[in-house]
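What follows is one structure encoded as structure tokens, with my remarks underneath.
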Amino acid sequence: MKLATFNINGIKARIQALSDWLDEAQPDVAVLQEIKSVDEAFPRELFEEKGYQVETHGQKSFNGVAILSKLPLEDIRRGLPGDDGDEQARWIEATVVGEKNALRICGLYLPNGNPVELDEAGRPVEGGKYAYKLAWMERLKTRAEELLATEEPSVMLGDYNIIPQAQDAANPKKWEGDALYRPESRAAWQRIVNLGFTEIFRTRHAAPGHYTFWDYQAGAWQKNDGIRIDHMLMSPQCADLVEDCGIDAGIRGREKPSDHVPLWAEIAL
DNA sequence: ATGACAATTTTTAATTGA
């Protein structure tokens, strides 16, 4: 089964580009981020006609995540646990039932975190966006520990808004001080990976120059001034099932593209 | 140092994103 993640930057503006990509790439399961739509306004029929079950966790104007699946879904949950006061729609999970294996998939849209606000002691200012990002990552780590404890195949995939290493940016210097690349952000990411997850893309593509995001501004795509911020973190039981993975970078050059492109993996379910 | 670009709502300006 082919699993993919794609930050579409608005479902309304991306209906054509998303439909074309689904027809070509034929993912069995796709998690989407930044649908920027409430559940009622999501054009679910367009995707149901293609054979997908559609599950959304939407929000007005911003954020919003979804799962499209041609395979049966069980135990769908919405929202990242750990803060009942968090109104932002950034997490949706479900179990995909395959012929031999079942896979817990968690679609996520991790907070951007900019602007970075620090106090005199260098601590993130409470209530600020950077503090929200780091707190969200702590909650993610807690959920990640639970997933590993099941000792079953699971994957957390989506827009992490994290540049893990210098080779994941065309111009890493430019990102110093940015919430996507600051030491606290990367350390929080590494603590999650260190629990025992496999970031699957780098296991199969060691070379630099692979990106999933190019800014709309300043001709970033034309200059290949990109960053790799969309990822899949897999439990050992999931990573063992992976047969291939890649990035569909080409669609960034099409008409009316998202600023992100899809990341996919072929998994033996 | 600044703005560039896109999507959405707050719509002819402001907010958010990365």
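Read-outs: derived from the displayed coordinates by stated rules, not from any lab. Computed from a prediction, not measured in an experiment: that's the story for all the values here. Using ideal geometry, Cβ is built from the backbone for each residue, glycine included, and neighbour counts are taken over all protein chains shown.
The table for this structure:
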| read-out | value |
| --- | --- |
| Any chance residue A:206 is buried (at least 17 other Cβ atoms within 10 Å of the Cβ), out of contact with any helix residue (DSSP H, G or I) (no Cβ under 6 Å at 6 or more places or on another chain) and without any contact (Cβ under 8 Å) to a residue 12 or more places away in the chain | no |
| Segment A:107-119 residues that are over 14 Å from residue A:141 (Cα atoms) and touching a residue at least 40 places away in the same chain (Cβ under 8 Å), paired with ones that are aliphatic (A, V, I, L, M) and away from DNA strand B (no atom under 11 Å from the Cβ) (beta carbon under 6 Å, 6 or more apart) | A:107/A:31; A:107/A:65; A:107/A:67; A:107/A:92; A:109/A:65 |
| Residues located in segment A:174-194, provided they are loosely packed, with under 14 Cβ neighbours inside 10 Å and either within 16 Å of DNA strand B (Cβ to nearest atom) or assigned to a loop (DSSP other than H, G, I, E, B) (or both) | A:174, A:176, A:177, A:194 |
| Residues located in segment A:26-43, provided they are surrounded by fewer than 16 Cβ atoms within 10 Å (Cβ to Cβ) and touching a residue at least 60 places away in the same chain (Cβ under 8 Å) | none |
| Number of the condition not met by residue A:60 [criteria: (1) within 14 Å of DNA strand B (Cβ to nearest atom); (2) basic (Lys, Arg); (3) under 25 Å from residue A:153 (Cα atoms)] | (3) |
| Positions within segment A:71-103 being among the charged types (D, E, K, R) and either surrounded by fewer than 18 Cβ atoms within 10 Å (Cβ to Cβ) or farther than 19 Å from residue A:153 by Cβ (or both), in sequence order | A:74, A:75, A:77, A:78, A:83, A:84, A:86, A:87, A:90, A:99, A:100 |
| Residue count, segment A:1-19 (criterion: out of contact with any Ser or Thr (no Cβ under 7 Å at 6 or more places or on another chain) and either assigned to a helix (DSSP H, G or I) or of a type in the set (A, V, I, L, M, F, W, C) (or both)) | 9 |
| Residue check for residue A:130: of a type outside the set (A, V, I, L, M), within 13 Å of DNA strand B (Cβ to nearest atom) and touching a Phe, Trp or Tyr at 6+ places or on another chain (Cβ under 8 Å) | no |
